[in-house]
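Each value in this text was obtained by applying a stated rule to the coordinates, not by laboratory testing. Just so it is clear, the structure is predicted and the values come from calculations on it, not from any experiment. Note: ideal-geometry Cβ built from the backbone for every residue, glycine included; neighbour counts use all protein chains shown.
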Amino acid sequence: MSGSHAMIEIRGLRKDYGRVQALKGIDLTVPGGQLFAYLGPNGAGKSTTIRILTGLTRMSGGSASLGGFDIERDAIAAKRQFGVVQQYVNLDQELTVFENLDIHCRLFAMKKKARRERIDRLLAYVDMTDRASTLIKKLSGGLKRRVTIARALLHGPSILFLDEPTVGLDAAIRRRIWALIKKIQQEGTTIFLTTHHIEEAEFLAERVAFLDEGRIVALDTPNNLMARVGSWAIDLVEDSGMKTRYFSTREEADRFRAHGAFTMRRVNLEDAFLSLTGKKVGQ
Amino acid sequence: MITGCLAVYRREMLILKRRFKRQAAGQAVSPLLYLLTFGYAMGGELRFDGTRYLDFLLPGLVAMSSMTQAFAISTDINVARFYWHIFDEFQAAPISNASYVAGEVMAGISRALMSICITLGLGYLFGVRLHYPPIFWLTILLNSFLFASLAVALAMVVRNHADQSLLTNFVITPMAFLGGTFFPLDRLPVWLQKILGLLPLTHASTAIRAAALGRPVHVMSLVLLAVIGVVFFGMAYYCVNKARD
């Protein structure tokens, strides 16, 4: 499943909704096996990108390919390359966990034996073997999310799209989902993650794109993006509001802190995003 | 194409299985009320051209049920699309639009057949004894195919649940009452007969009634139902592709 060749290639991708330009020409390459995060505030165009790549939304211009297959010209072959976890739970509430997974296998034309084996394996993978015959409507939000992740992996995709996979989940369940995502990536799957949780991108991603108003404004490793603003930060409350000062070294920050009782912290991706766009990711 | 179509169909059938009791009860209510009020209480002794009104009414109810129940798939598609977002799962799967439409249409036909069995069972309890030759079932299949295809097409066009109700109110309900279900159309003014002759349900109820009463069936009615059905299936195929935003 892994490799260093490009698994996701996007060139000049545009999406217009009437006069509103949701995507203004996205260029992006994600190599095989990488965990790539697409970070931006609500409305930046993150979900629109995933919807286009997964065939739910038509593009207005540009091109994209998944595993070497053009998403418009070779749509069916391109769809075999990926699994997708939407930010909303799109499971049949009146069906059981097993039935939901079985329908997915059938949509991918999997044979009976393979279906049974993969479902058993994926249920064990997400630690839900004992829930196979439970109706979806009787599961908690975290368990439903795990079913959607298991479903997305059933057909052994090379690419996994995760659109805000932990939205609406509490901190403990979020961490459990993160561990699962790491595990999936370590087995060679290319992961394309959208999020507006800073700590999610920092914890998981090998490479991050900052998306703002339909454009990629920065693309690099989390460490390089953070290094652009410094290593240490001190937040100050001034008459005009909260201000942050950045420092390259801890010594510089300590010297500044000596002038008052300030709290010092490590620079994070929020700082990098803020310095580039003037906005917070969570806005 | 076939595996995708069967996967979509299987999902609908699993849901139908889970809802079977309430679905069957719901499908029995309308024909039971129509048989009681129009056929039994009001028209027990009424005859049209020598035919008992109950014998006249039941084939009409069969035609109407095949239309309304096949069309009702549109509501389920809407719930799956706007509320549960299941439609996204189908759109992201490696299946063709034709597979999706065929699966949903087959589900609509299955629902229609289930309601027709219920209607015929109720008719039997009311003492109605009719003929059910192959052409009777063929007409039902064509009518269900036509309205299930229309249901998929319209379910893709509407933007919310309220629009769906409007379509049912303006398209299905008038047809149910004016398509030869409850009374013979030859009692109406000629100009109105000509207009109502354009409705698919008029052809379906006329053909189903003729078959059930052992009379000759106009082949042209069946051809017309088949042609309109294919056109609606094509529309549904086109609309599924357009449903991508």
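Order by neighbour count: A:THR134, A:THR194, fewest other Cβ atoms within 10 Å first, most last.
A:THR134, A:THR194
Run the quick spin-label model on A:GLU206 and B:VAL230: label points 7 Å from Cα toward the beta carbon, then report their separation in nm to one decimal.
Each label point lies 7 Å from its Cα, and together they span 5.4 nm.
Could you calculate, for the protein assembly as shown, the ratio of the Cα radius of gyration to the Kirkwood radius, expressed as Rg to Rh?
That ratio is 1.12, to two decimals.
Using the Karplus curve 6.51 cos²θ - 1.76 cosθ + 1.60 with θ = phi - 60°, work out ³J(HN,Hα) for each residue of the range B:115-131 in order, rounded to whole Hz, and write x for Gly and Pro.
Ordered by residue, 3J(HN,Hα) equals 5, 5, 4, 5, 4, 5, x, 5, x, 4, 5, 8, x, 8, 10, 10, 9 Hz.
Taking the alpha-carbon set of the range B:90-131, what are its Rg and Dmax in Å?
Values for the range B:90-131 (Cα only, Rg and Dmax): 16.8, 51 Å.
Using alpha carbons only, how many degrees (0 to 90, rounded to 10) separate the axis of helix A:112-125 from the longest principal axis of chain A?
Roughly 30 degrees between the two axes.
Strictly greater than 12 Å: what percent of every Cα pair in the range A:188-238 meets that?
In whole percent, the long-distance tail amounts to 71.
Using Cβ contacts closer than 10 Å as the measure, can you line up B:TRP137, B:TRP191, B:TRP84 from fewest to most?
Going from least to most buried by this count: B:TRP191, B:TRP137, B:TRP84.
For peptide A:44-52, what's the mean number of Cβ atoms from other chains within 10 Å of each residue's Cβ?
The per-residue average across the peptide is 1.
So, R0 is 45 Å and r is the distance between the beta-carbons of B:THR3 and A:THR29; what FRET efficiency does that work out to, to 0.05?
So, using R0 = 45 Å, E works out to roughly 0.85.
If I model a spin label as a point 7 Å beyond the Cα along the Cα-Cβ vector, how far apart are those points for A:ASP130 and B:VAL219 in nm?
A separation of 6.7 nm, rounded to one decimal place.
Could you list, bin by bin from short to long, the percent of Cα-Cα pairs of the range A:1-88 in 5 Å steps?
Bin by bin from 0 Å, the calculated values are 3, 13, 25, 27, 20, 9, 2, 0, 0.
Which of the peptides A:213-219, B:61-67, B:192-198 is most tightly packed, and how do the rest follow, judged by the mean count of other Cβ atoms within 10 Å per residue?
Taking the mean over residues of other Cβ atoms within 10 Å, the ranking is B:61-67, A:213-219, B:192-198.
For B:82-88, what's the mean count of beta carbons from other chains sitting within 10 Å of each residue's beta carbon?
5
Set the bar at 18 Å for Cα to Cα. Now go through A:LYS112/A:LYS137; A:LYS15/A:LYS46; A:LYS24/A:LYS46 and name every pair that lies beyond it.
In this structure, A:LYS112/A:LYS137 lie more than 18 Å apart at Cα.
Angle between the Cα long axis of helix B:20-34 and the longest principal axis of chain B, 0 to 90 degrees, nearest 10?
That works out to roughly 30 degrees.
Cα atoms only, the range A:57-177: Rg and Dmax in Å?
Calculated on Cα positions, Rg and Dmax stand at 15.2, 46 Å.
Using R₀ = 22 Å, calculate the FRET efficiency as 1/(1 + (r/R₀)^6) where r is the Cβ-Cβ separation of A:ARG116 and A:LYS138; round to 0.05. Mind dumping the intermediate values first?
On the way: r = 23 Å, r/R0 = 1.04.
About 0.45, to the nearest 0.05.
Please list the non-local residues whose amide H lies under 5 Å from the amide H of A:LEU162, H modeled 1.01 Å from N, same-chain partners needing a gap of 5 or more.
Amide H neighbours of A:LEU162, under 5 Å, 5+ apart: A:VAL85, A:PHE192, A:LEU193, A:THR194.
Using the per-residue mean of other Cβ atoms lying within 10 Å as a proxy for protection, in what order, highest first, do the peptides A:63-74, B:104-115 fall?
Details: A:63-74: 17.7, B:104-115: 24.1.
The densest-packed peptide leads the list: B:104-115, A:63-74.
Between B:ALA162 and B:THR37, what's the calculated FRET efficiency when r is the beta-carbon distance and R0 is 45 Å? Round to 0.05.
Result of the calculation: an efficiency of 0.90.
List the aspartates and glutamates whose Cα sits under 12 Å from the Cα of B:LYS194, skipping any in the same chain fewer than 8 residues away.
Once the sequence-local aspartates and glutamates are set aside, what remains near B:LYS194 is B:ASP186.
Kindly provide the pair-distance distribution of the range A:126-202 built from C-alpha pairs, with 5 Å bins from 0 and whole-percent values in order of increasing distance.
3, 13, 28, 26, 18, 9, 2, 0
Under the √(5λ) rule applied to the eigenvalues of the Cα gyration tensor, what semi-axes describe the equivalent ellipsoid of the range A:65-129? Give them in Å, descending.
Over the Cα atoms of the range A:65-129, the ellipsoid semi-axes are 24, 15, 12 Å.
Once you have the Kirkwood Rh of chain A from its Cα pairs, apply Stokes-Einstein at 37 °C and 0.692 mPa s and quote D in µm²/s. Walk me through the numbers before you get to the answer.
On the way: Rh = 20.3 Å.
In µm²/s, the coefficient is 162.
Report, to the nearest 10°, how far helix B:219-242 tilts away from the longest principal axis of the Cα atoms in chain B, using its own Cα long axis and a range of 0 to 90°.
That helix lies at roughly 20 degrees to the long axis.
Can you work out the Karplus-derived ³J(HN,Hα) for every residue in the range A:32-41? Use 6.51 cos²θ - 1.76 cosθ + 1.60 with θ = phi - 60°, whole Hz, and x for glycine or proline.
x, x, 7, 9, 10, 10, 10, 10, x, x
At a Cα cut-off below 16 Å, give the lysines reachable from A:LYS79, other chains included and same-chain residues fewer than 8 away excluded.
Answer for A:LYS79, where 16 Å is the Cα cut-off: none of the lysines qualify.
Reported to two decimal places, what Rg/Rh ratio describes the range B:33-156 when computed on Cα atoms with Rh from the Kirkwood expression?
Checking Rg against Rh, the ratio lands at 1.11.
In whole angstrom, and with the biggest value first, how far do the Cα coordinates of the range B:2-244 range along each principal axis?
Extents along the principal axes: 57, 39, 34 Å.
Would you calculate the separation in nanometres between label points at A:GLN186 and B:ARG244, each defined as 7 Å from the Cα along the Cα-to-beta-carbon direction?
Distance between label points: 3.7 nm.
Within 10 Å of each Cβ of B:6-16, how many other protein chain Cβ atoms are there on average?
Average neighbour count from other chains, rounded to a whole number: 4.
At a Cα cut-off below 15 Å, give the aspartates and glutamates reachable from B:LYS242, other chains included and same-chain residues fewer than 8 away excluded.
A:GLU72, B:ASP88
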